[in-house]
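So the structure is just underneath, and the comments pick up after that.
Every number in this text was worked out from the coordinates using simple rules, so none of it is lab data. On a predicted model such as this, the values are computed, not experimentally measured, just so you know. When we count neighbours, we look across all protein chains shown, and the Cβ atoms used for this are built from the backbone with ideal geometry, even at glycine.
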Amino acid sequence: MRSEFLDSHPSSYRDPAGYVYLQDGVFKRAVTRKGRQDYDLFISSGLYDDLLNNSLILPHREEHDGVHASPEIYKTLVPEQLAFVSYPYEWCFSQYRDAALLTLEIQETALRHGMSLKDATPFNVQFKGPFPVHIDTLSFERDTGQPWVAYNQFCRQFLAPLLLMGWQIAATYEFQPGPLLAWGNLFYYGDLSAFEKDASSTLRTLEQWFNTSLPFERNASRTAAAFHVRVFPRYFNGLRADGLKQWNGNLLREFRITERVRFQVRADAMNLQNRSQMATPELSPTSTNFGRITSQTSSLNRFYQIQGRIHF
């Protein structure tokens, strides 16, 4: 912070052309010697009067009595005091948009008078009732014919937030446990009461959905025939096929075209992870694919859908 401006407001320290300070409950702006030329041009070019006549800038008066004692101060300005101060992070979308449009209109007006905005931050804008006004008198400098120096800041602090504001984002997660594996009538030589635990004792992969090393009858000539009484349970509660686990999302935004006409755009994404739901594994111990998953179900793969709607 500049040592010669000990009474400057804590948030007013960046601009060498001036700073804001509070005196007897009144906010004032000091114009330094470094800001003298640009301020004089701002007044003499007619830019200030043009902005004031169009209610684009907060009016101020020059204070001639009790001017700041520092020799670095050229002039002291007393702006109109606002009864209510708001901040960009408190604004709704339409307020932020109006502040952006105000900044562009001011820049366009400044160029006609041979000047340009040297910064384009929403913190230089306040609202008098429903109308935005520019409050930083020292934001202007002589136009050199070069690209707008504050364009990058305008994109970062106005355009980027406006692109992100007003969107509605929703997501859903679908979960269904897989169907119970339907076993045939198998001859099993292990402890049937511990089968569910034993079958789940290995890591579940597509190559081996359950423990295939358990003592099943693997000789096809010795397996149960159709006339045999069932000796192996058809279902086990903990042994299931692959289940449904997918994320879906959508974006929605409404654009006002006129007072009565609005355009709504919506984008939907189903199965964002593009996850396939696999089919049941091979359950015949005599098969070379026993315990292996070789196909997938007809579940929906990822797809996108975009739609537009006009309200009038």
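Key figures for this structure:
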quantity: For segment 252-264, Karplus couplings with θ = phi - 60° (6.51, -1.76, 1.60), whole Hz, Gly/Pro x; calculated: 9, 8, 10, 10, 8, 8, 10, 4, 10, 9, 10, 10, 10
quantity: 3J(HN,Hα) from dihedral phi, segment 279-296, Karplus parametrisation 6.51/-1.76/1.60, rounded to Hz, x for glycine, proline; calculated: 6, 6, x, 5, 10, 9, x, 7, 7, 5, 9, 4, x, 9, 9, 10, 8, 10
quantity: Cα-derived Rg to Rh of segment 63-205, Kirkwood definition; calculated: 1.52
quantity: For the chain, the spread of Cα positions along each principal axis, largest first, Å; calculated: 113, 51, 38
quantity: Taking the chain and dividing mean pair separation by its residue count, relative contact order in percent (alpha carbons under 8 Å, at least six apart); calculated: 13 percent
quantity: Residue-averaged [θ]222 nm for the chain, counting only DSSP H segments that reach four residues, each worth -39500 (n - 2.57); calculated: -4500 deg cm²/dmol
quantity: Total lysine pairs under 21 Å (Cα atoms) in the chain, excluding pairs fewer than 8 apart on one chain; calculated: 6
quantity: Whole-number D in µm²/s for segment 173-312 (Stokes-Einstein; Kirkwood sum over Cα pairs; 20 °C, 1.002 mPa s); calculated: 115 µm²/s
quantity: Cα-projected label distance for T258 with T294, points at 7 Å along beta-carbon direction, nm; calculated: 6.5 nm
quantity: In sequence order, calculated HN-Hα J values of segment 202-209 (Karplus, 6.51, -1.76, 1.60; Hz; x Gly/Pro); calculated: 10, 5, 7, 10, 5, 7, 8, 6
quantity: Top positive-direction residue, dipole computed over the chain with Cβ charges, set F175, L206, F27; calculated: L206
quantity: Total charge dipole magnitude, the chain, about the Cα centre, Cβ charges on Lys, Arg, Asp, Glu only, Debye to nearest 20; calculated: 1600 debye
quantity: Descending semi-axes in whole angstrom, ellipsoid equivalent of segment 234-312, from the Cα gyration tensor; calculated: 46, 11, 8
quantity: Long-range HN-HN contacts of G243 with modeled amide H, under 5 Å; calculated: G178
quantity: Mean Cα-pair separation over length for segment 16-169, i.e. relative contact order, pairs under 8 Å, 6 or more apart, %; calculated: 24 percent
quantity: Low-density loop cleavage sites - trypsin sites (Lys or Arg not before Pro) in segment 215-246, where at most 10 other Cβ are within 10 Å (DSSP); calculated: none
